[in-house]
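Structure first, then comments.
The values are calculated or read from the model by the stated rules, or taken from the named source; none is laboratory data. In this text, all values refer to a predicted model and were calculated from it rather than measured experimentally. Because the Cβ atoms are built from the backbone with ideal geometry, glycine has one as well, and the counts that use them run over all protein chains shown. Surface areas here come from the heavy atoms of the whole protein model, side chains and all, with no ligands, DNA or RNA. Shrake-Rupley method; radii C 1.70, N 1.55, O 1.52, S 1.80 Å.
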Amino acid sequence: MLILHCPYCGVMADETELAPGGEAHLRRAGPESSDEEFMAYLFERENPRGVHFERWRHALGCGKWFHAARDTATLEVFGTYPAQVTEPPEALLETIREKRPGWQWRDLK
Amino acid sequence: MKRYSAFAIVREAFRQHTGWPRAWASPEPRERYDVIIVGAGGHGLATAYYLGRNFGITNVAVLEKGWLGGGNTGRNTTIIRSNYLQDASAAIYEKARSLYETLSQELNFNLMFSPRGVMMLAQTEHEVRGYRRTAEANALQGVETEFIGRERVKELCPIINIEGPRYPVLGALWQPRGGTARHDAVAWGYARACSDMGMHIIQRCEVTGIRTEGGRVTGVSTTRGDIGCNKLGIVVAGHSGVLAQMAGFRLPIESVALQAMVSEPVKPCMDVVVMANTVHGYMSQSDKGEMVIGGGADGFNNYTQRGSFHHIEETVRALCETFPIISRLKMLRQWGGIVDMTGDRSPIISKTPVENIFINCGWGTGGFKAIPGSGWAMAELMVKGESPLAAEFGLNRFREGRFIDESVAAGVAH
């Protein structure tokens, strides 16, 4: 079973008390955006085979949204971090680079 | 190709079965093909088959990183139906279902197509209204379905519990010509026919890169060397995103695990397929006597072909309630497959931003039933640049907001 550490209440939460929220760090398309940008924001997903950043909600716990970094090919969890950020913390990225040499996230700017 | 027949069985019986040839060849890859299909599952092989059968294109290679039909083609619950709400869906699924009717004869390979009937239970008032609407839509689309009452449900499937307590059965959407087929045989039958037309099916050949020149595909790099092509078809289900990334574009797809299981074999007790979408489980009985059980998909991205235990628990709980008779059955096997989910739960059969690369994906939790129709449409799209069956399923529908919304129409499982 997938177990994630909730960065708010500190609980090691089982998958059954969590609700998945899809890919993290999507940038919302604004009013001036083109159809392509809206399509990318609404539908297109990284869907990587490997390191993935995603949103989770501690639905049956404290109820808060948070972020997790996970490997979709091995199910290894690299870490979790709070929701109020636009990109993953540098320390976490460093951990991932150590474990997955050569890995880089395509689009974080 | 040596034809399979009753006569051939008798003949081989007299010579210790030494005369059966290999069903398909395992050739070394050539340097170049007219068309390369990535993925030797049902959809990929069907695409290759209809390229040859309908358009006479036989200089085709089908590349497969694992073994033939070892992905979702061998991992589904073999249900075939076409009772979809939207016109575009009904058209392609009904095309597939009608092709299944005669496919065994056409391929000279027994697919064990069994049109035993599929019923989708209505267990809430909402579902009753939804399925009545689908039945009306199907009548207009020329798909034979009917909304039946609870007594008829009990008559067709005596082991079902229609009394609840949580969700009493209120009726069902019944498609008498839906059913099941032997899933491996579909891949094997198409592979044998493709090989017979001179196509190359190359297993254990993983595509590691896609080569392009001036926005146009020129070939692929594989674990068995570079192979050139004029046209490339990507038909890799759960790994579509990985291939798209190699070609330099993104897809509106997320890959998640979907699980299924079979029980120990028991005497025949159920001769229809039952889907219970409210409680989230579906079941049929295989020819071997095993109860074949499927349920819901996981909610998070996953490429491991194994899913979460609590989904199995939910499915089994739901089915024990619907079929109390199975509560003491032991489960033999459980497995997972990686399904490619789109936002509107409808497939993508489309051109891509790279010229001469075509993609067929997004079948999500319900691709098996569509294999012949999907291959038919994909082959036509690759040759002519358009196909009436695939017209609505383009990638551009996400930009234009023309969704083919089957997620609402079908509840959960489809």
Requested in this report: Provide a whole-number value for the mean count of partner chain Cβ atoms within 10 Å of the Cβ atoms in peptide B:250-259.
Outcome: 4
**Report entry** Tilt relative to chain B, helix B:42-55 - C-alpha long axis, 0 to 90 degrees, to 10
**Finding:** 60
Requested in this report: Report, in degrees rounded to the nearest 10, the 0 to 90 angle that the Cα long axis of helix B:183-196 makes with the longest principal axis of chain B.
Outcome: 20
Requested in this report: Can you find, among B:Ala88, B:Gly71, B:Ala139, the residue farthest towards the positive end of the dipole of segment B:70-147? Put +1 on the C-beta of Lys and Arg, -1 on that of Asp and Glu.
Outcome: B:Gly71
Requested in this report: Find the lysine pairs in segment B:247-377 meeting two conditions, Cα atoms under 21 Å apart and a separation of 8 or more places or different chains, and report how many there are.
Outcome: 4
Requested in this report: May I ask you to list the aspartates and glutamates whose Cα is less than 14 Å away from that of B:Lys154, ignoring any residue fewer than eight positions away on the same chain?
Outcome: B:Glu163, B:Asp271
Report task. Can you figure out the FRET efficiency of A:Thr16 with B:Asn161, using R₀ = 25 Å and their beta-carbon distance, to the nearest 0.05? Result -> 0.40
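About the Cα centre of segment A:2-109, how large is the charge dipole given +1 on each Lys and Arg Cβ and -1 on each Asp and Glu Cβ? Please answer in debye to the nearest 20.
Numbers: 13 positive and 18 negative charges, 42 e Å.
Its charge dipole is roughly 200 debye.
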Requested in this report: On the protein heavy atoms, probe 1.4 angstrom, tell me the percent of accessible surface of segment B:60-167 carried by carbon and sulfur.
Outcome: 51
Query raised in the report: Per residue, how much accessible area does the protein assembly as shown show when a 1.4 Å probe rolls over the protein heavy atoms, in square angstrom?
Result: 43
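Once you have a ≥ b ≥ c as the square roots of the Cα gyration tensor eigenvalues for chain A, tell me rounded if a/c is under 1.5, and otherwise prolate or oblate according to whether a/b is larger than b/c. Write down the numbers at each step before the final one.
Working: a/c = 1.87, a/b = 1.28, b/c = 1.47.
Oblate.
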**Report entry** With Cα atoms, 0 to 90° folded angle of helix A:90-99 axis to chain A main axis
**Finding:** 80
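Would you kindly state how much longer the chain becomes between B:Thr223 and B:Asp287 on full extension, computed as 0.36 nm times their sequence separation minus their alpha carbon distance, in nm to one decimal?
Details: separation 64, 0.36 × 64 = 23.04 nm, distance 3.86 nm.
Full extension from B:Thr223 to B:Asp287 adds 19.2 nm.
According to the square roots a ≥ b ≥ c of the eigenvalues of the Cα gyration tensor, what is the shape class of the protein assembly as shown, taking rounded for a/c under 1.5, prolate for a/b larger than b/c otherwise, and oblate for the remainder?
Working: a/c = 1.56, a/b = 1.08, b/c = 1.45.
Oblate is the answer for the protein assembly as shown, as a/c is 1.5 or above yet b/c matches or exceeds a/b.
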Requested in this report: Would you please classify the overall shape of segment B:40-162 from the alpha carbon gyration tensor, given that a ≥ b ≥ c denote the square roots of the eigenvalues, rounded means a/c under 1.5, and beyond that prolate means a/b larger than b/c while oblate covers the rest?
Outcome: prolate
**Report entry** Contour minus Cα-Cα distance for B:Gln16 and B:Asn230 (0.36 nm per residue)
**Finding:** 72.5 nm
